[in-house]
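Report on one structure; see the data block that follows.
The values are calculated or read from the model by the stated rules, or taken from the named source; none is laboratory data. Quick caveat: nothing in here was measured; it's all calculated off a predicted structure. We place every Cβ from the backbone using ideal geometry, glycine too, and count neighbours over all the protein chains shown. Quick note on the areas: whole protein, heavy atoms, side chains included, nothing else; ligands and nucleic acids left out. Shrake-Rupley method; radii C 1.70, N 1.55, O 1.52, S 1.80 Å.
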Amino acid sequence: GGNPVIGPETGHTTTFGMVLQPPAVPGFSFSLDYYDIKVDDYIGNPGGAQNIVNRCYNGDQDLCSLITFGPANTLSEIRNININLQWLKTRGIDIEAAYALPLSRFSNAPGAFNFRLLATHTIENSTNLFGVVTDRVGETGGIGAPDWMGTLFLGYSAGGCQGNVTTRYISSGVLNAL
């Protein structure tokens, strides 16, 4: 079930960027964007039944409200529902470079080559869960984020024909299931 007392999340976002399209290099564009996003009171799961019981036992009254006690203080029900948690934050840089090169620029050959690179560098991917801050940059899989990831597109087109090759890169990382 849901949680009728859940409150709204509050987001704080800062972004800035630039785009370059130098006239000296027709068909080339480059963009660089920085982002810094923080969400207070984010909605999430408190970490499972055992975490709820442990934190209640240690005095966290917010989580005790998720437990129904039976006779002789036995556990009758543990509601592992979404609640407002502390905060999460992500910061990073997005990069895009593209170049369209018509072969007519230097030969009589038909068609054009197209190159496009998309890349992200994650600087921070943190959560604060009950006062424990965890930064998951450098983790792969799950909820983590690699330091770097990118996609390169290479293409050739002439008339109605087109061919493309795509490759992806993900920096090495750690798989952390905790």
Query raised in the report: From the set of residues in the range 94-109 that are at pLDDT 90 or above and open to solvent by 50 Å² or more (accessible area, probe 1.4 Å), which is farthest from Phe28 (Cα to Cα)?
Result: Asp94
Query raised in the report: Somewhere in the range 11-21, is a residue under 24 Å from Ser171 (Cβ atoms), open to solvent by less than 70 Å² (accessible area, probe 1.4 Å) and not in a loop (DSSP other than H, G, I, E, B)?
Result: yes
Query raised in the report: Within the range 69-83, can you find the residues that are open to solvent by 50 Å² or more (accessible area, probe 1.4 Å) and either in contact (Cβ under 8 Å) with a residue 12 or more places away in the chain or not acidic (Asp, Glu) (or both)?
Result: Phe69, Pro71, Ala72, Asn73, Thr74, Leu75, Ser76, Ile78, Arg79, Asn80, Asn82
Report summary line: Of Thr120, Thr127, the only residue that is out of contact with any helix residue (DSSP H, G or I) (no Cβ under 7 Å at 6 or more places or on another chain), farther than 20 Å from Phe28 by Cα, among the polar types (S, T, N, Q) and surrounded by 15 or more Cβ atoms within 10 Å (Cβ to Cβ) is Thr127
Report summary line: Across the range 130-142, the tally of residues that are touching a residue at least 12 places away in the same chain (Cβ under 8 Å) and either in contact with a strand residue (DSSP E or B) (Cβ under 8 Å, 6 or more places away or on another chain) or closer than 18 Å to Asp94 by Cα (or both) stands at 5
Report summary line: Picked from the range 27-66 (must be free of Cβ contacts under 8 Å to residues at least 24 places away in the same chain and part of a loop (DSSP other than H, G, I, E, B)), the residue least open to solvent (accessible area, probe 1.4 Å) is Leu66
Requested in this report: Could you tell me which residue of the range 80-120 is nearest to Asp60 (Cα to Cα), considering only residues that are of a type outside the set (S, T, N, Q) and part of a loop (DSSP other than H, G, I, E, B)?
Outcome: Leu85
Query raised in the report: Which ones in the range 114-153 are hydrophobic (A, V, I, L, M, F, W, C) and modelled with pLDDT of 95 or more?
Result: Phe115, Leu117, Leu118, Ala119, Ile123, Trp148, Met149, Leu152, Phe153
Query raised in the report: Looking at the range 57-74, is at least one residue under 30 Å from Thr122 (Cβ atoms) and in contact with a Leu (Cβ under 9 Å, 6 or more places away or on another chain)?
Result: no
Report task. Scan the range 102-109 and give yes if some residue there is within 26 Å of Gly11 (Cα to Cα) and not aliphatic (A, V, I, L, M), otherwise no. Result -> no
